[in-house]
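K.L.:
To start, I am sharing the structure in question, which I have written as structure tokens.
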Amino acid sequence: MSAVSKRRPGRRPGSADTRGEILAAARRVFAEKGFDKATVRGIAREAKVDPALVHHYFETKEGMFAAAMRLPVSPDTVIPVLLEGPREEIGERLVRLLLTVTASPETREPMVALIRSAMTNEQAAAMMREFITNALLYQVADRLEVPHLRIEAAFAQMFGAVLGRYVLKLEPLASADPEELVELLAPTIQRYFTG
């Protein structure tokens, strides 16, 4: 039996940065097909690796999207944080989480870049819309049995706060203490979840 036929599927020979190549392939596939129509198999095919190798590096398509788009968090980490704890505190958890994630430039800048892209490019907007709604918002809404409209309204409220604070840099919103913003925004966000 030759060495070629004994080779296991997955990583192709000669590549030191398979994870990086998978991410590059994922960016191309997500850009071409959007989040919903992109598949792990299609990304593996584009990267010329076995789908099992893609799963080795990225447990879920959502995690791969977050890594490919350089998002600071993945739904796999956000959803449990939002769902843990009393329902009457979800507004506070959501606001605090978003303010924590956007507090440092390393985590804020990729989010702001995606927001800017979505505002000027319909393909980027569609990809962001599909990801945000299907991989995050609707997952939380369905588990909490909250209508999709309510969770989208809560997201829009927080999206506006991030836009005003970091893109438009409205004052005093841009320099407000995070705890002051939690106190201000959490009751409004909470209303979307508990009526």
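The values are calculated or read from the model by the stated rules, or taken from the named source; none is laboratory data. Everything quoted here is computed from the prediction, not taken from an experiment. No Cβ is skipped: glycine too gets one built from the backbone with ideal geometry, and neighbour counts run over all protein chains shown. Only protein heavy atoms, including side chains, enter the accessible area calculation; ligands, DNA and RNA are left aside. Shrake-Rupley method; radii C 1.70, N 1.55, O 1.52, S 1.80 Å.
K.L.:
Quickly estimate the mean residue ellipticity at 222 nm for the chain, helices only: each DSSP H run with n ≥ 4 gives -39500 (n - 2.57), and the total goes over all residues, rounded to 500.
P.N.:
Helix-only estimate at 222 nm: -20500 deg cm²/dmol.
K.L.:
Here is a further query. Indicate the gyration tensor shape class of the stretch 102-142 (rounded, prolate or oblate), computed on the Cα atoms with a ≥ b ≥ c the square roots of the eigenvalues: a/c under 1.5 is rounded; otherwise a/b larger than b/c is prolate and the rest oblate.
P.N.:
oblate
K.L.:
Could you give the dipole magnitude of the stretch 71-195 about its Cα centre, charging the beta-carbon of Lys and Arg +1 and that of Asp and Glu -1, in debye to the nearest 20?
P.N.:
Taking the Cα centre of the stretch 71-195 as origin, the dipole is about 260 debye.
K.L.:
Another question about this same structure. For the chain, rounded, prolate or oblate, judged on the Cα gyration tensor with a ≥ b ≥ c (square roots of eigenvalues), a/c < 1.5 rounded, else prolate if a/b > b/c?
P.N.:
Taking the square roots of the gyration eigenvalues as a ≥ b ≥ c, the chain is prolate.
K.L.:
For the stretch 94-106, just list the computed ³J(HN,Hα) in residue order, Karplus coefficients 6.51, -1.76 and 1.60, θ = phi - 60°, integers in Hz, with x standing in for Gly and Pro.
P.N.:
Karplus-based 3J(HN,Hα) across the stretch 94-106 equals 5, 5, 4, 4, 5, 5, 5, 5, 8, 5, 9, x, 4 Hz.
K.L.:
Would you be so kind as to identify which of Pro110, Pro178, Leu53 lies farthest towards the positive end of the dipole of the chain, taking Lys and Arg as +1 and Asp and Glu as -1 on Cβ and the Cα centre as origin?
P.N.:
Leu53
K.L.:
Checking a compactness column here: for the stretch 106-183, what do you get for Rg(Cα) / (2.2 N^0.38 Å), N being the number of residues?
P.N.:
1.20
K.L.:
For a quick check of understanding: with a 1.4 angstrom probe and all protein chains in place, what accessible area in square angstrom does Asp17 have, to the nearest ten?
P.N.:
Here the residue's solvent-accessible area equals roughly 90 Å².
K.L.:
Right, here's the next one. What accessible area per residue, rounded to a whole number of Å², is obtained for the chain using a probe radius of 1.4 Å?
P.N.:
It amounts to 56 Å² per residue over the chain.
K.L.:
Can you pull the percent of the chain's accessible area that's carbon plus sulfur, 1.4 Å probe, other chains left in place?
P.N.:
Percent of accessible area from carbon and sulfur atoms in the chain: 55.
K.L.:
Shape verdict for the stretch 70-145, please, from the Cα gyration tensor: rounded (a/c under 1.5), prolate (a/b greater than b/c) or oblate.
P.N.:
Because a/c hits 1.5 or more and a/b fails to exceed b/c, the stretch 70-145 counts as oblate.
K.L.:
How long are the three semi-axes of the equivalent ellipsoid of the stretch 142-195, in whole Å, if each is the root of 5 times an eigenvalue of the C-alpha gyration tensor, listed from largest down?
P.N.:
Value: 24, 12, 7 Å, ordered largest first.
K.L.:
Where in the chain is the longest stretch that carries no GluC sites (Glu not before Pro) classed as loop by DSSP and with at most 10 other Cβ atoms within 10 Å?
P.N.:
1-83
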